[in-house]
1. Under 5 Å between amide hydrogens, which residues at least 5 positions from TYR5 or on another chain qualify, with H placed 1.01 Å from N in the peptide plane?
2. Grab the beta carbon distance between LYS51 and THR471, set R0 = 56 Å, and tell me the FRET efficiency rounded to 0.05.
3. Summing Lys, Arg as +1 and Asp, Glu as -1, what charge do residues with Cβ under 13 Å from the Cβ of SER542 carry, SER542 excluded?
4. Can you give the convex hull volume of the alpha carbon atoms of the stretch 535-664 per residue, in Å³?
5. Enter the accessible area of MET145 (Å², nearest 10), with the probe set to 1.4 Å and all protein chains included.
6. So if I place +1 on the C-beta of Lys and Arg and -1 on the C-beta of Asp and Glu, and nothing else carries charge, what would the dipole magnitude of the stretch 662-708 be about its Cα centre? I want it in debye, nearest 20.
7. Going from most exposed to least, what order do GLU659, GLU380 have by accessible area with a 1.4 Å probe?
8. Placing +1 on the Cβ of each Lys and Arg and -1 on the Cβ of each Asp and Glu in the stretch 254-391, which of LEU300, SER323, SER263 has its Cα farthest towards the positive end of the resulting dipole?
Amino acid sequence: MYTVYIAEKPDIARAIAAHIWPDATYQKNKYDITNGDTVICWCHGHILRPKEPEEYDTAYKSWSEYQIFPPQWGIVPMANEKELLTAIASYLKKADIVIHAGDPDREGQLLVDEVLRYCSYKGPVKRLLINAKDDVSMQRAFASMEDNKKYEPLYESALARQQADWLVGMNLTRAYTTNARKYGYDTVWRIGRVQIPTLALVVRREREINAFKSKTYYELLGTFAKDNIPFKAKLVPDEDLPIDEENRVLDEHVLKAVKEKVSQANATVETVEEKEGTKQPPLPHSLDTLQVLANKKLGLSPGETLATVQALYEKKYVTYPRSDCNYIPSSQKDDAQRILVMLQNYGLPAAITANPAITSKAFNDAKVTAHHAIIPTGVEPQDLNDKELKIYQLIAEYYCYQFYDPYRFKKVSFTIKAADCLFKGSGTLPITLGFMQIYGEKEKPEDNAVLPTLKPGDEVTADYAIAQKKTTPPKRFTEGTLLAAMTNIWRFIASDNPNREKLKEVKGIGTPATRDQIIAKLEATNGKGHKLEPYITKKGKSTELIPTPIGCALIDTIDQSLTYPDTTAVMEYELSNIASGKISRDAYITTVIDLVNRNVTHAETVVYPAPPGKKIFACPICKTGQLLRKYSAKHTMHFWICSNKDCISPVTKQTVFYEDHDGEPVLAFCPHDNAPLSRWKGKYGHFWKCRVCNSTYNDANGKPDFTKKKKSAK
Ligand SMILES: [Zn+2]
Ligand SMILES: [Zn+2]
């Protein structure tokens, strides 16, 4: 029986070889590892790509062609992978059975399935889902191989994603770029399904910040004490006081009067309320939670973090990195003992007090898909570099938190009355620390960490102070917080919007494997050897992201439905419906084509803002259009025309062509009848003429001179 394994990458192929032939009785060749009638080969990620438009029809070479909907989709080998593909095809010809060892996610499913289809392989296929390369994980993967047919919907959804991105990207990038050119743009308008709503987040945030006006307000703070234990509470401004819509006092004098009053009165406890609460330990990491934390704590870009986890994965120290899952299969509960002992030997403090008998909420089969959370394997790391060490620690610590009790605390809310004024405060008092004893990300509690025993009627000593505060604008995104925003994009949608729940369910826009690249693309200054204009950039030397003028122009101009996460949300939701077999790819692609057509119409009819750095000339006649500079090849000269196609002179009832002078339009109208003037060349040089009343005017530096009438007319 001739068996062919196809892995996503060479390192997985080597892991498979080491697993099935532990005695290393195999032969390593350029494109395979072979032993008897079993051959293990590999891809390099995607080795096939969708055809470019001009590969369907040479007429599509021109970017003014943009409603391109391939009736039959084609894929072709990537230029530098042809030899590899030929080798795989030759093994497939002989194969009795194929083992599909693409990575355990949507893209991994597609990139091996498309090779099988491209090579017209029709035999049986089994799916091997490798979640980590250590011995235990490999054994598990082999023991749970399934018929690849089960994963057909996942393949369909990956293919739908690829085709949708092609249709949106190719068509709309061309449509907007071509039409923007008419308005003087000379850059490519890069339109992507996930890129645009991500860029819009940055643009809208910057505008919020620019529109923000800081307010100064005042608070009256009481420091009270009982049994020599001090604690704090804040005045709740009475409705009779002058307060703004957020219950803030803007006038310091008002609080000075209150302070005067309460200082002379006794302070007594009015109400006390106690509630017990628990906080569960944070779940183990998915790629995005790890990227966000590593950006915040270590200053690593999302791309650096992914590369580092990938290296740790290839060295067998952690499980599959491109995971959007924060849960672990319950079958792996028994691994805890072994992994925690390894981490103790490794010297991780969080592992020492961890208790493997505790089961956290992370062990939940219902929430695990083809892959699970990123966790340590049982293999003890050796020789890690600095970055790897820090990332490994973050992964290992979050795994350890699963073996601690939740944090249990008592929340006390109380009010204090002085004169007729009410002060409100609270305190959080630990009952048992649980995971908090080792948790690294402690938030500073805003309320009291220590409180005396309080009961209504207790008299307390009091001291008052007025604090000046300022409202602060929203913060700019960093790469880390922008990535978090993409994952939790439902938070940016109004709560009455039905798409909010969908977005929550599909875990944001984009996938863990691509989000860092989306952000990098928005910041890119070159691509495929061409200079690109970035859409977002870092502000000075900080990590804060700001939009560029062209990035703002893009968001202002393109169809607004594309700029809000809703459209992409619905698309992601439909993709997950394809993956679960609820809808067909064809039905989905039809809706994408509708969306492209609607956006093409918009791209052709919208008025583009003046290119950043270029002057804008409003039409003097219709006031809504913009004058556009054009070139006439016939007259070898530039001229200007209104962007409104229906705009005509109310006098001549004809389209007005404006003369160009040093790259700017000359707005010349006859003083008698307001008809547009045109410039002529006579034997004494240039002059201007009205076609309605036939008046002529001298030319002064390319503009009509109305100070004296031209005498030698015609
Ligand atoms: Zn006009
Ligand atoms: Zn005239």
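1. Excluding prolines and chain starts, which carry no amide H, the hits are VAL39, ILE40, CYS41, ILE99.
2. Numbers: r = 54 Å, r/R0 = 0.97.
FRET efficiency, LYS51 to THR471: 0.55.
3. On the way: positive: LYS475, ARG476, LYS538, LYS539, LYS541; negative: GLU479, GLU544.
Computed value for this residue: +3.
4. On the way: hull volume 25.0 nm³, N = 130.
Residue-normalised Cα hull volume stands at 192 Å³.
5. Spelled out: MET145, probe radius 1.4 Å, area about 60 Å².
6. Details: 7 positive and 5 negative charges, 53 e Å.
Using Cβ point charges on Lys, Arg, Asp and Glu, the stretch 662-708 gives about 260 debye.
7. GLU380, GLU659
8. SER263
The values are calculated or read from the model by the stated rules, or taken from the named source; none is laboratory data. Keep in mind that what you see is a predicted model, and the values were worked out from it rather than measured. Counting neighbours? That spans all protein chains shown, and the Cβs are built from the backbone with ideal geometry, glycine included. Only protein heavy atoms, including side chains, enter the accessible area calculation; ligands, DNA and RNA are left aside. Shrake-Rupley method; radii C 1.70, N 1.55, O 1.52, S 1.80 Å.
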